[in-house]
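Right, one structure below, let's go through it.
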Ligand code: MSP
């Protein structure tokens, strides 16, 4: 699936739902996009990398309710976690889009109106099987033993009038397009999957949700009683971020668009999205690159199993470079892969510490010892030992093809083949023997030069995957990464004073007791879910007061909420999500801390005039109370 290399490159990740914190799966897709982005930039293509968060829909509203936040507070918080995470994983995106951005919302309205005006959206009553977890209707055929394949719960039959998008009209066009463009969806297994799905008649897509059921979304421009279905809203991010319809970035980058997604969202990207684009008169994307799923210790990652991998924890223990290398090396793009920590440690010790790290330190040590750390001049010498030059050229060529084809693990295995050739070259040419004889200096010089030049090329090749190591390695040779053209043989300058070597990757001691590892982890422990920093002035805006609960009662139909009357120097009604932890009797007469200038909010039909502060961790909740007698109304600083 080789692609011709143009001078423009546009790559996107899915925009992630904000109903869960970022995990290994999100990290993988985003690192893939980052690696591809850095590679194409290194090839001097003008490149753009988009990521972001998908913030509308039922799921978000439910998650916000669970955490006692408004949808807006909640999406700001989780979107912030994603935005804060990426720099820690050395991800350098060009733009972060949120579907709550006003620009995006306007573009969605614009496109809906366009498709509506063209007659491809119609209004109809529909009765169907709806899964609230997936926020979509299912056909009987799609259910497994009558339950939702993702949630394992039976869907509910609901009947409502809605707007539908005539996808069926475009089915034959899409089949023809996929057949005429073999790399439109790649790898091939996913192209085949979409084609086989398209053998059955395509249902029209319900693209609205009545506001009676959901208000957290983008209103339909032609009917204010409805909001837009999340997928119709979310997919448009790929062009709204570029300033569609007349933004300069749209004009420049959209014709070269490549999406990266996992197999879970093949259908919206392989079917809905191209049809939406076609119906709106917009050219379709160039490639949809689909990868498999990371499982953990051979099972699906899931909150209920408790095996969700936090990328920041791994980064803190093993370092970001090793983590990125492992992800790119271990997964064959397109297939599922298994994550386990011992495989990660094995890769660090053998590929990074042993093969690469030792090669760097051995080579530099020899250059120091035999040539005082100065790159030898071989311009007048025969360079007979340059099997390394041929090996380097082969490695660069194969690497280049694989990187363009998203075959990252293959690209890296070509690089590591080259590393093995270099290590063998040292053993075969035995520089320490040549150094024993002063008349062999002209033989020794090319060996050391070839090795140093090989390191320079390696340093360049690893840049997209391990940018920091690449920088460190090249700094030893007084070089900088980031230019593929500089990877041709023979550019290392004679006379360069080399830096002293350092350990690039310390070996991980596999014999250390789990306790020692835990202690290390504790010492390096950092908060991973810290909200974005605010200034003192911003904090000062919050008015916190001591209050006393005068009365409390359960709220009908709610398992979580208690209605409190609190004296904070004036009487307030406050709805608090503490009913699972405090009975009305437990809380009456307690002194509490109240956020007193919070905008009132409606909860279960009651106006809540403030918020009671509590420490909340998983299923535990403990309200904050002053440890000494202080009058109500006292300010909390
Ligand atoms: N919001 C939609 C995408 C809209 S794009 C217009 C969505 N969000 S998501 O948060 O559920 O992210 C799904 C994506 O996260 C997958 O397609 C994949 O990129 C990544 N992954 C989530 N779990 C994963 C694994 N276990 N393994 C690999 N990647 C996975 O769907």
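The values are calculated or read from the model by the stated rules, or taken from the named source; none is laboratory data. Quick caveat: nothing in here was measured; it's all calculated off a predicted structure. So basically every Cβ, Gly included, is an ideal-geometry build from the backbone, and we count neighbours across all protein chains shown.
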Exercise. Restricting to region 473-486, what's the tally of residues that are more than 29 Å from the chain's Cα centre (by Cα), part of a helix (DSSP H, G or I) and at pLDDT 95 or above?
Worked result: 2
Exercise. Looking at 401, 419, which is the one that is in a helix (DSSP H, G or I) and out of contact with any helix residue (DSSP H, G or I) (no Cβ under 6 Å at 6 or more places or on another chain)?
Worked result: 401
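One line per residue, one yes/no per condition, for (1) over 17 Å from residue 413 (Cα atoms); (2) out of contact with any strand residue (DSSP E or B) (no Cβ under 9 Å at 6 or more places or on another chain); (3) not in a helix (DSSP H, G or I):
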{"site": "309", "(1), (2), (3)": "yes, no, yes"}
{"site": "315", "(1), (2), (3)": "yes, yes, no"}
{"site": "321", "(1), (2), (3)": "no, yes, no"}
{"site": "325", "(1), (2), (3)": "no, yes, no"}
{"site": "329", "(1), (2), (3)": "no, yes, no"}
{"site": "342", "(1), (2), (3)": "yes, yes, no"}
{"site": "345", "(1), (2), (3)": "yes, yes, no"}
{"site": "348", "(1), (2), (3)": "no, yes, no"}
Exercise. Name the residues in region 617-637 that are without any contact (Cβ under 8 Å) to a residue 40 or more places away in the chain and not in a loop (DSSP other than H, G, I, E, B), would you?
Worked result: 617, 620
For this session: Taking only region 66-90 into account, find how many residues are more than 15 Å from the ligand (Cβ to nearest atom), touching a residue at least 40 places away in the same chain (Cβ under 8 Å) and either out of contact with any helix residue (DSSP H, G or I) (no Cβ under 7 Å at 6 or more places or on another chain) or under 21 Å from residue 218 (Cβ atoms) (or both).
Result: 6
Problem set entry | Filtered residues of region 267-290 (kept if within 11 Å of the ligand (Cβ to nearest atom) and over 25 Å from residue 138 (Cβ atoms)) | 289
For this session: Kindly provide the set of residues from region 28-38 that are touching a strand residue (DSSP E or B) at 6+ places or on another chain (Cβ under 9 Å) and either farther than 19 Å from residue 255 by Cα or near the ligand (Cβ under 10 Å from one of its atoms) (or both), ordered by number.
Result: 28, 29, 30, 32, 33, 34, 38
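The rows are residues; the columns are (1) modelled with pLDDT of 95 or more; (2) closer than 30 Å to residue 75 by Cα; (3) assigned to a helix (DSSP H, G or I).
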position	(1), (2), (3)
141	no, no, yes
153	no, yes, no
157	no, yes, no
171	yes, no, yes
192	yes, no, yes
212	no, yes, no
Exercise. So residue 546 clears everything in (1) assigned to a loop (DSSP other than H, G, I, E, B); (2) in contact (Cβ under 8 Å) with a residue 60 or more places away in the chain except one condition, right? Which one?
Worked result: (1)
Exercise. In region 291-314, which residues are more than 11 Å from the ligand (Cβ to nearest atom) and crowded, with 17+ Cβ neighbours inside 10 Å?
Worked result: 311, 312, 314
Seminar exercise, completed: Going through region 599-615 in order, the residues found to be surrounded by fewer than 19 Cβ atoms within 10 Å (Cβ to Cβ) and in contact (Cβ under 8 Å) with a residue 40 or more places away in the chain are 601, 604, 606, 613
For this session: Please go through region 296-340 and pick out each residue that is without any contact (Cβ under 8 Å) to a residue 12 or more places away in the chain and over 25 Å from residue 81 (Cα atoms).
Result: 299
Seminar exercise, completed: Scanning region 553-568 for residues that are part of a loop (DSSP other than H, G, I, E, B) and within 22 Å of residue 625 (Cβ to Cβ), the one modelled with the lowest pLDDT turns out to be 560
Exercise. Hey, residue 12 hits all of (1) more than 10 Å from the ligand (Cβ to nearest atom); (2) more than 9 Å from the chain's Cα centre (by Cα); (3) farther than 22 Å from residue 134 by Cα but one; which does it fall short on?
Worked result: (1)
Seminar exercise, completed: Within region 232-266, residues surrounded by 22 or more Cβ atoms within 10 Å (Cβ to Cβ) and more than 16 Å from the ligand (Cβ to nearest atom) come out as 253
Exercise. Among the candidates 388, 378, which residue alone is at pLDDT below 95, surrounded by 15 or more Cβ atoms within 10 Å (Cβ to Cβ) and over 28 Å from residue 321 (Cβ atoms)?
Worked result: 378
Exercise. Is at least one residue of region 374-381 over 19 Å from residue 485 (Cβ atoms), in a strand (DSSP E or B) and within 43 Å of the chain's Cα centre (by Cα)?
Worked result: yes
Exercise. Residue check, residue 508 against (1) buried (at least 17 other Cβ atoms within 10 Å of the Cβ); (2) outside any loop (DSSP other than H, G, I, E, B), all met but one. Which one?
Worked result: (2)
